[in-house]
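Here the structure is laid out as structure tokens; the discussion comes afterwards.
Rule-based calculations on the coordinates, nothing more; no lab input. What you are looking at is a predicted structure, and each value in this text was computed from that prediction instead of being measured. Every residue, glycine among them, receives a Cβ derived from its backbone with ideal geometry; neighbour counts consider all protein chains shown.
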Amino acid sequence: MFIINLLIMLIFILISVAFVTLLERKVLGYIQLRKGPNKVGFMGLLQPFSDGIKLFFKEQSFIYVSNFFIYFFTPIFMLMLSFLMWVVFPYYINIFSFNYGLLFFMCCTGMGVYGVLLCGWSSNSNYSLLGGLRAVAQTISYEVSMIMIILCLFLYIFTYNILDFMYYQQSVWFLFFSFPLMFCWFSSCLAETNRSPFDFAEGESELVSGFNVEYSSGGFAFIFLAEYMNIIFMSMLTCMFFLGGNLYSLSFYLKWVFVVFMFIWVRGTLPRFRYDKLMYLTWKMFLPLSLNYLLFVIGVYFYMINFM
């Protein structure tokens with residue numbers, strides 16, 4: 001039953017990725033005062049499936065000078081990592097008992113850097129390598145402040161089990177305790193998933209399409225799937241951490257869709273940052289803010305232990 005549960009979850013994740021891409025194209029269309037996909041099927045509902053079939057049936061191109069084995073298997077590695085992250089999804093009856101779900105999530109996001117770096121390096125293309133290096137520097141930088149934020153949230157509940165966030169937010173959401181952290185977390189999520197305005201791995205003007213520029217057909221589809229699965233997962237974590245996290249109510253899933261919509265809305269409205277500004281933002285603003293918040297929470301905790 002555990003294996004069947006896991007397979008059902010993975011199938012629904014892939015279907016949700018398909019419809020998130022459709023939602024993104026529709027929302028961006030309306031932001032730019034045009035129609036999104038609306039021809040294939042009713043209101044364009046079959047568009048993601050036709051795109052997926054087209055991608056997998058296209059010819060897979062290979063570069064003679066690429067490091068073929070790594071080049072071929074890295075997109076599969078990225079997809080497997082994204083699937084692996086979803087194992088910590090907090091079922092009431094867990095598929096696996098994940099009392100250390102937060103630590104497992106941190107390990108998986110840390111490993112994600114290797115996928116991007118190997119994609120960029122194994123193509124043996126200057127553009128791919130530059131895109132990969134940019135993405136790695138950006139991801140590692142934002143992971144530091146992201147882990148500080150997670151430590152602050154850990155101090156609220158003193159457990160690494162993601163499901164416990166639901167129990168501790170029954171009276172009040174953590175959003176009201178840590179309003180600035182919510183924005184730092186959301187911005188870090190954008191940077192971690194290589195989304196606009198932090199999509200420096202894909203600077204069209206100078207890097208064509210970044211680390212995945214040499215990929216076509218199935219390889220590109222795998223990288224694309226991994227990216228959107230990470231977006232949906234980060235949205236789920238945002239709802240669990242800050243927005244009540246009540247998994248068994250319809251409102252949780254509406255909040256989840258709203259956070260995914262925020263990812264798309266940001267892409268449609270904000271221009272791309274300058275690269276030095278991006279690094280300045282995390283090292284000079286997010287990191288000091290999250291560190292100060294961490295010290296503040298620790299101070300409050302010890303005050304309550306000793307004087308109350």
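Within the chain, what is the number of lysine pairs with alpha carbons under 21 Å apart, leaving out pairs fewer than eight places apart on the same chain?
Going through the chain pair by pair, I get 5.
Please compute one quarter of the surface area of the Cα convex hull for region 72-201 and express it in square nanometres.
So the Cα hull casts an average projection of 8.6 nm².
Could you estimate the translational diffusion coefficient of region 159-308 from the Stokes-Einstein equation, with Rh from the Kirkwood formula over C-alpha pairs, at 10 °C and 1.306 mPa s, in whole µm²/s?
So the translational diffusion coefficient is about 90 µm²/s.
Starting at the first residue of region 32-37, write each ³J(HN,Hα) from the Karplus equation 6.51 cos²θ - 1.76 cosθ + 1.60 with θ = phi - 60°, in whole Hz, x for Gly and Pro.
Couplings: 8, 6, 8, 7, x, x Hz.
What is the P(r) of the chain, as percent of Cα-Cα pairs per 10 Å bin from 0?
Percent of pairs per bin, in order: 6, 24, 34, 25, 9, 2, 0.
Regarding region 220-308, what whole-number volume in Å³ per residue does the convex hull of its Cα atoms give?
Per residue, the Cα convex hull of region 220-308 comes to 164 Å³.
Cβ neighbours within 10 Å, averaged per peptide: list 231-241, 250-260 in order, most packed at the top.
Descending packing order for the listed peptides: 231-241, 250-260.
Kyte-Doolittle cut-off -1.0, length cut-off 24 Å along the helix's own axis using Cα: show which whole DSSP H helices in the chain pass.
Correct list, ordered by number: 2-31, 68-85, 101-122, 126-157, 217-242, 250-269, 287-307.
What order, most packed first, do the peptides 47-56, 69-78 have when packing is the mean number of other Cβ atoms within 10 Å of each residue?
Packing proxy ranking, top to bottom: 69-78, 47-56.
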